[in-house]
Amino acid sequence: MVIGPQQRVIAIDGPAGAGKSTIAKALSARLGMKYLDTGAMYRAVTFEAMLRDLDLDDSDHIAQLAIDCDLHVGLDRVIINGHDVTTAIRQTDVTANVSKVASNSGVRKEMRIRQQEWATTHGGGVIEGRDISTVVFPEAILKVFLTASPHIRAQRRVDQNGGNVFEIAAAIEQRDLIDSTRSDSPLAESSDSIVIDTGNRSIDEVVDELETMFVLRMIDGNS
Ligand code: CDP
């Protein structure tokens, strides 16, 4: 069997603060594979819509913005329409609005196409998001769903960015609710995902386990 770029994917999904970025980046470095943060794509479109003062409920207009935008999401930089928005897309107001923009089916369709093209260009990769296992790369050779308790997830965000743990927990809960109840590609485990609670595991331990699984599956797939 030949493993194509849409299969040579480690798909990492899960809610905010579950450890997706840390684990995905570490895995991509270990395996020499490219890394894509799909959340940064939705954040960049949200930022651009806010910058232009667009009505986020105007789905057609927001979808057109997503289709027309020149978007580059790299390991360290996010650029949209020529502007470096790496830091700006993490601001509280973007975080508060991103789930609304991400529930727009026109935006999702465009991002999905770009994510699949990205994998083709790079021969697969480690890709994190909410719908990577279920919708974008249903044939991924390794699918992972990361979780942790709401308190641990909120505390991690406070450790990273500061803020009040109760306020951050409430904001995360609100975003999780919108992400997991939207009609188009909601945040959900895939039936064939490996579910890992990162609350009581070290990063290295999880990365070791996933690295081994990926290598074994690649050997199996190539034989
Ligand atoms: O880093 P954090 O977990 O806070 O969020 P993120 O990965 O940057 O994603 C931000 C938002 O983008 C999520 O809350 C979702 O609304 C949306 N998203 C999505 O809908 N689908 C994806 N594949 C990735 C992110």
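The values are calculated or read from the model by the stated rules, or taken from the named source; none is laboratory data. Nothing here was measured: the structure is a model prediction, and the numbers come from that model. Reconstructed Cβ throughout: ideal geometry from the backbone, glycine too, with neighbour counts over all protein chains shown. Note: areas computed on protein heavy atoms with side chains; ligands, DNA, RNA excluded. Shrake-Rupley method; radii C 1.70, N 1.55, O 1.52, S 1.80 Å.
Computed over protein heavy atoms with a 1.4 Å probe, the accessible surface of the chain works out to 48 Å² per residue. I need the Debye-formula profile for region 38-122: one equal scatterer per C-alpha, no solvent, reported as log10 I(q)/I(0) at q = 0.16, 0.18, 0.24 1/Å, two decimals. For region 38-122 at q = 0.16, 0.18, 0.24 Å⁻¹, log10 I(q)/I(0) is -0.54, -0.69, -1.24.
Quick one: which of 34/143; 25/109; 100/143 span more than 21 angstrom between C-alpha atoms? In this structure, 25/109; 100/143 exceed 21 Å between Cα atoms. For the chain, the 222 nm mean residue ellipticity estimated from helices alone, with every DSSP H stretch of n ≥ 4 adding -39500 (n - 2.57) and the total spread over all residues, rounds to -16500 deg cm²/dmol.
Each of 80, 63, 122 was scored by the projection of its Cα onto the charge dipole of region 38-122, and the greatest displacement toward the positive side belongs to 122; charges sit on the C-beta of Lys, Arg, Asp and Glu. For region 110-130, the residues whose amide N sits under 19 Å from a probe point set 7 Å from the Cα of residue 139 along the beta carbon direction are 112-127.
Taking the chain as a Gaussian network, Cα atoms linked when under 10 Å apart, which of 46, 147, 120 shows the biggest mean-square fluctuation? Between 46, 147, 120, it is 120 that shows the largest mean-square fluctuation. Between residue 109 and residue 75, the FRET efficiency from the beta-carbon distance, with R0 = 25 Å, is close to 0.45.
Dipole size of the chain about its Cα centre, with +1 on Lys/Arg Cβ and -1 on Asp/Glu Cβ: approximately 340 debye, rounded to the nearest 20.
Taking the DSSP bridge list for the chain and keeping only pairs wholly inside it, about 25 percent are antiparallel. Largest first and in whole Å, the equivalent-ellipsoid semi-axes of the chain read 27, 22, 15, each the square root of five times a Cα gyration tensor eigenvalue.
With the largest listed first and rounded to whole Å, the semi-axes of the equivalent ellipsoid of region 42-88 from the Cα gyration tensor are 19, 11, 8.
Between the listed residues 212, 144, 41, the Cα displaced farthest toward the positive end of the dipole of the chain, a dipole computed from Cβ unit charges relative to the Cα centre, is found at 212.
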